[in-house]
2 protein chains.
Amino acid sequence: MNLILLFEDDFIAPDTVRLSDRRFAHADSVLKAAVGDELRVGLCNGKTGTATVTAKTEGAVEMRVALEHEPLASLPLTIICALPRPPTFVKVIECAVAMGVKKFVFIQTARVEKSYWQSPVLLAEKLRYHVMRALEQAGDTVFPDIVFKKRFKPFVEDELSALSAGTRKLAAHPGAGSRECPRGLNAPVTLVIGPEGGLIPHEVESLVKAGFETVTFGKRILRVEHAVPVLLSRLF
Amino acid sequence: MNLILLFEDDFIAPDTVRLSDRRFAHADSVLKAAVGDELRVGLCNGKTGTATVTAKTEGAVEMRVALEHEPLASLPLTIICALPRPPTFVKVIECAVAMGVKKFVFIQTARVEKSYWQSPVLLAEKLRYHVMRALEQAGDTVFPDIVFKKRFKPFVEDELSALSAGTRKLAAHPGAGSRECPRGLNAPVTLVIGPEGGLIPHEVESLVKAGFETVTFGKRILRVEHAVPVLLSRLF
């Protein structure tokens with residue numbers, strides 16, 4: 001935890017927060033915070049700054065907060081990802097959120113096992129936990145937008161055009177017709193990432209019809225949780 | 001498993017292998033291989049190619065092997081990494097091996113917990129399992145060299161110079177004196193990656209004295225298992 005996330009209801013006065021949950025536990029047992037110490041904090045979806053410990057008891061800490069810095073820059077990227085199996089889903093979220101992705105669409109494709117949609121990791125509360133961990137790790141405060149689309153065809157035919165308007169449209173897809181993934185783009189990107197078994201030809205055609213170009217990034221076949229940081233690092 | 005790794009003692013004839021372990025289980029239950037099917041294989045530290053299933057029983061599969069392709073290109077990189085906690089160690093190995101790293105040195109630094117050195121994941125057999133998984137994922141056959149150095153000072157003072165000779169020497173270290181990590185190098189690199197808590201000033205000084213330049217890759221603080229693919233993707 002490189003930043004403690006604060007929420008409106010933590011405030012007991014305009015510039016003072018009181019924490020008694022896992023954030024207190026972290027400040028107490030990991031950071032060994034004592035009265036007078038300064039900790040790095042950030043307001044949910046807002047500025048970051050420092051908090052000075054003003055009081056500490058056995059179960060809570062009070063801090064005077066000074067929020068002065070804008071949140072970290074985010075990546076101008078929408079990730080559209082075939083829903084991975086649950087442990088991979090968590091890894092993708094934690095990595096991409098830490099790297100600054102603010103918009104995710106998880107979709108059904110032919111090679112996504114339907115059972116993945118039943119996983120408890122997709123529940124709002126669990127998802128929020130993993131997002132918070134990633135923001136706290138990176139030092140960010142801005143929560144991403146994460147949506148789920150259980151039907152490929154209506155999503156691609158009815159929603160993808162508006163969602164990807166004005167962006168460079170890329171689909172990671174190892175194949176004969178794919179070109180090398182571009183590097184160092186300074187422009188908004190919509191990036192489609194297929195499932196472990198790949199997109200099927202019909203899905204690739206739908207995406208190409210929607211204006212996407214297929215790209216590869218080498219001969220090695222990487223797991224989705226590794227492909228994501230590799231692609232993000234390459235694109236931006 | 002995108003490639004089945006073969007070893008000399010799998011061969012029952014000059015061009016025929018017989019598999020009855022987890023590779024058979026994979027060919028049988030995941031790939032549903034039947035007589036006549038072709039599977040992608042590679043010889044440990046050697047060429048890759050195809051294997052045609054010639055016989056299959058309840059507990060074994062026999063395949064005629066044709067090895068014709070050179071193994072995938074590897075990265076001209078030595079990673080020198082502060083020993084991470086065991087789950088992170090496994091993630092770093094699996095990701096970096098899949099990406100083509102062939103030389104690892106895991107070292108002790110001031111902020112590495114000594115208990116990490118007792119972990120069973122460092123045992124040769126466990127390590128080999130994770131390396132194989134990564135090679136099979138990537139489609140590679142060449143095993144990396146992984147060494148452990150439990151003492152920072154003698155390693156840096158007596159061995160690092162020879163180890164890093166003729167390479168670009170970089171140490172990932174967020175700090176005021178660090179420059180942006182270079183991109184797209186086409187040259188051998190030795191890359192030092194510190195522990196989660198960072199290198200201490202004295203360690204940074206020793207590395208600078210040994211010819212290393214400190215580099216950063218942005219304001220976001222990433223976990224070691226995410227920093228590795230980001231750095232590799234950026235450097236090569």
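Could you please find all residues in segment B:199-210 being among the charged types (D, E, K, R) and either open to solvent by less than 20 Å² (accessible area, probe 1.4 Å) or within 14 Å of another protein chain (Cβ to nearest Cβ) (or both)?
First, the residues of segment B:199-210 that are among the charged types (D, E, K, R): B:203, B:205, B:209.
Across segment B:199-210, the qualifying residue is only B:GLU203.
What tally of residues in segment A:138-162 results from selecting those that are under 15 Å from A:VAL101 (Cα atoms), away from every other protein chain (no Cβ under 14 Å) and of a type in the set (A, V, I, L, M, F, W, C)? Write out each step before concluding.
Filtering segment A:138-162 for residues under 15 Å from A:VAL101 (Cα atoms) gives A:138-147.
Those left that are additionally away from every other protein chain (no Cβ under 14 Å): A:143, A:145-147.
When the remaining residues are screened for being of a type in the set (A, V, I, L, M, F, W, C), the result is A:143, A:146-147.
Qualifying residue count, segment A:138-162: 3.
Report whether or not A:GLU196 is open to solvent by 50 Å² or more (accessible area, probe 1.4 Å), closer than 26 Å to B:ASP140 by Cα and acidic (Asp, Glu). Break it down into steps so the answer makes sense when it comes.
Details: open to solvent by 50 Å² or more (accessible area, probe 1.4 Å): yes; closer than 26 Å to B:ASP140 by Cα: yes; acidic (Asp, Glu): yes.
Against the criterion (open to solvent by 50 Å² or more (accessible area, probe 1.4 Å), closer than 26 Å to B:ASP140 by Cα and acidic (Asp, Glu)), A:GLU196 qualifies.
Being at pLDDT 95 or above and more than 14 Å from chain B (Cβ to nearest Cβ) is true for just one of A:ARG111, A:ARG128. Which residue is that?
Criteria check complete, one pass: A:ARG128.
Being in a loop (DSSP other than H, G, I, E, B) and under 30 Å from B:PHE7 (Cβ atoms) narrows it down to one of B:PHE148, B:PHE143, so name that one. Walk me through it before giving the result.
Numbers: B:PHE148 fails: in a loop (DSSP other than H, G, I, E, B).
B:PHE143 is the lone residue from the list that is in a loop (DSSP other than H, G, I, E, B) and under 30 Å from B:PHE7 (Cβ atoms).
Scan segment A:138-162 for residues that are among the hydrophobic types (A, V, I, L, M, F, W, C), open to solvent by 20 Å² or more (accessible area, probe 1.4 Å) and either within 26 Å of A:PRO120 (Cα to Cα) or within 12 Å of the chain's Cα centre (by Cα) (or both) and jot them down.
Residues satisfying the conditions are A:VAL142, A:PHE143, A:ILE146, A:VAL147, A:PHE148, A:PHE152.
Considering segment A:98-137 alone, what residues qualify as being hydrophobic (A, V, I, L, M, F, W, C), open to solvent by less than 20 Å² (accessible area, probe 1.4 Å) and either in contact with a Gly (Cβ under 7 Å, 6 or more places away or on another chain) or farther than 30 Å from A:ARG23 by Cβ (or both)?
Of everything in segment A:98-137, those that are hydrophobic (A, V, I, L, M, F, W, C), open to solvent by less than 20 Å² (accessible area, probe 1.4 Å) and either in contact with a Gly (Cβ under 7 Å, 6 or more places away or on another chain) or farther than 30 Å from A:ARG23 by Cβ (or both) turn out to be A:VAL105, A:ILE107, A:VAL112.
Suppose we keep only residues that are facing chain A (nearest Cβ under 10 Å) and over 22 Å from the mean Cα position of the chain (by Cα) within segment B:211-236. Which one would you say is surrounded by the most Cβ atoms within 10 Å (Cβ to Cβ)?
Ranking the candidates gives B:ARG220 first.
Quick check on my filter: what residues within segment B:83-97 are open to solvent by less than 10 Å² (accessible area, probe 1.4 Å) and farther than 18 Å from B:ASP145 by Cβ?
B:THR88
Are any of the residues in segment A:66-89 touching a Gly at 6+ places or on another chain (Cβ under 6 Å), away from chain B (no Cβ under 14 Å) and not aliphatic (A, V, I, L, M)?
Checked segment A:66-89: at least one residue is touching a Gly at 6+ places or on another chain (Cβ under 6 Å), away from chain B (no Cβ under 14 Å) and not aliphatic (A, V, I, L, M).
Take the conditions open to solvent by less than 70 Å² (accessible area, probe 1.4 Å) and away from chain B (no Cβ under 14 Å) and apply them to A:ALA27. Does it pass? Outline the logic, then answer.
Numbers: open to solvent by less than 70 Å² (accessible area, probe 1.4 Å): yes; away from chain B (no Cβ under 14 Å): yes.
Yes.
For segment A:163-176, give me each residue that is open to solvent by 30 Å² or more (accessible area, probe 1.4 Å), under 16 Å from A:VAL204 (Cα atoms) and among the aliphatic types (A, V, I, L, M).
The answer is A:ALA176, and nothing else.
Considering only residues that are outside any loop (DSSP other than H, G, I, E, B) and surrounded by 19 or more Cβ atoms within 10 Å (Cβ to Cβ), which ones fall in segment A:30-48? Before the answer, list the steps.
Taking segment A:30-48 as the starting set, the residues that turn out to be outside any loop (DSSP other than H, G, I, E, B) are A:30, A:38-43, A:48.
Passing the criteria: A:LEU39, A:VAL41, A:GLY42, A:LEU43, A:THR48.
Exactly one condition in (1) away from chain A (no Cβ under 14 Å); (2) open to solvent by 40 Å² or more (accessible area, probe 1.4 Å); (3) at pLDDT 95 or above is false for B:ARG179; which is it?
If we test B:ARG179 against (1) away from chain A (no Cβ under 14 Å); (2) open to solvent by 40 Å² or more (accessible area, probe 1.4 Å); (3) at pLDDT 95 or above, just (3) comes out false.
Quick check on my filter: what residues within segment B:50-74 are closer than 18 Å to B:ARG133 by Cα and open to solvent by less than 50 Å² (accessible area, probe 1.4 Å)?
B:PRO71, B:LEU72
For B:GLY36, are the conditions met, namely being on the phi > 0 side of the Ramachandran plot and out of contact with any Cys (no Cβ under 8 Å at 6 or more places or on another chain)? Working first, answer last.
Values: on the phi > 0 side of the Ramachandran plot: yes; out of contact with any Cys (no Cβ under 8 Å at 6 or more places or on another chain): yes.
Here the answer is yes, as B:GLY36 does meet what is asked.
Would you mind listing the strands (runs of 3 or more DSSP E) fully within segment A:58-139 where at least 2 residues are within 22 Å of A:LEU163 (Cα to Cα)? If you could, list the steps in order and put the result at the bottom.
Details: elements: A:61-69, A:75-82, A:101-107.
Here the list reads A:75-82, A:101-107.
Between a residue in segment A:150-173 that is touching a residue at least 12 places away in the same chain (Cβ under 8 Å) and any residue that is aromatic (Phe, Trp, Tyr), which pairs come within a Cβ distance under 6 Å, given they are 6 or more apart or on different chains?
A:LYS169/A:PHE212; A:ALA171/A:PHE212
The values are calculated or read from the model by the stated rules, or taken from the named source; none is laboratory data. Remember, it's a predicted structure, so these values are computed and weren't measured experimentally. Neighbour counts run over all protein chains shown; Cβ positions are idealised from the backbone, glycine included. Just the protein is used for accessible areas: all its heavy atoms, side chains included, with ligands, DNA and RNA removed. Shrake-Rupley method; radii C 1.70, N 1.55, O 1.52, S 1.80 Å.
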